[in-house]
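The values are calculated or read from the model by the stated rules, or taken from the named source; none is laboratory data. Not measured: the values here are computed from a predicted model. Every residue, glycine as well, gets a Cβ built from its backbone with ideal geometry; the counts of neighbours run over all protein chains shown. Ligands, DNA and RNA are stripped out before the accessible areas are found, and what is left, the full protein with its side chains, is counted by its heavy atoms. Shrake-Rupley method; radii C 1.70, N 1.55, O 1.52, S 1.80 Å.
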Amino acid sequence: MPQALPVIPGPQVVPSAVCFRCDVCCRFPEQDSILRPYFTEGEIRQAVTHGISPSSFPDHRGSQIEVVRHPKGEGFLCPAFDPVTQHCRIYETRPLDCQLYPFALMWNAQHEKVVLGWDTLCPFLLEQAGEENPLRRAGLEPSELTLPKAFMEQAQRVANYLESDHVLNCLAIHPRLVTPFQPDVVVLHTLDRLTATLRSSNSHDMR
Ligand code: SF4
């Protein structure tokens, strides 16, 4: 049986109270969004134990979750998301993919390197970068935005975690935890060990 992934060390960078007021995460405009969270085999087992239907996962060895139509609004929801309370029903055991956010693990634009960055679509992080109103970003490249020191330190912890032996082994089995390039993400770290691991495992398994 695969070992469970350790929880990402360090603080969750976005305070929970802010998350509960926000309407970005856990909701998806399209049913087949590439950003639907990916669950490893162990994470699927935990999610099912905590009440998520097994049918939400097309492949129990590891897969992106099947989203459901929003009961009142437009678009789609993760089935673990409660639109009334705005809470994740499996928050304590949410998958690595969700723990990472608002950091993002993705291929770079040339699909040569795996990188860690932060998502400028997260309103809280954008505010921390001094850009409260996205309109002010007109003409500004995401790469020109910078985060305060505490966030950069947490990004370094996350990068170290992702390149630890145990997590590398897991990512080699589940390469779809790495998303395709996202233009809204500001790249912070190039993950050379992870890139080499995925290249040597010769996996072309992509979202
Ligand atoms: S598992 Fe939880 S945190 Fe992740 S997308 Fe679903 S509701 Fe959101």
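Here are a few things to note about the model shown:
- Accessible surface of the chain, 1.4 Å probe, proportion on carbon and sulfur as whole %: 53 percent
- Residues of segment 1-78: accessible area per residue with a 1.4 Å probe, Å²: 60 Å²
- FRET E, pair residue 53, residue 74, Förster distance 35 Å, beta-carbon r, rounded to 0.05: 0.95
- Shape category assigned to segment 28-95 from the gyration tensor of Cα positions, a/c cut at 1.5: oblate
- Residue-by-residue Karplus 3J(HN,Hα) for segment 181-189, coefficients 6.51, -1.76, 1.60, Hz, glycine and proline x: 4, 10, x, 7, 9, 8, 6, 10, 9
- For the chain, adding -39500 (n - 2.57) for each run of n ≥ 4 DSSP H residues and dividing by the number of residues yields -7500 deg cm²/dmol at 222 nm.
- Shape category assigned to segment 102-207 from the gyration tensor of Cα positions, a/c cut at 1.5: prolate
- The stretch between residue 149 and residue 34, if pulled fully straight at 0.36 nm per residue, gains 38.4 nm over its current Cα-Cα span.
- Computed on the Cα trace of the chain, the radius of gyration divided by the Kirkwood hydrodynamic radius gives Rg/Rh = 0.94.
- The string of couplings for segment 120-126 from the Karplus curve (6.51, -1.76, 1.60, θ = phi - 60°) is 6, 7, 7, x, 5, 5, 4 Hz, one whole number per residue in order, with x for Gly and Pro.
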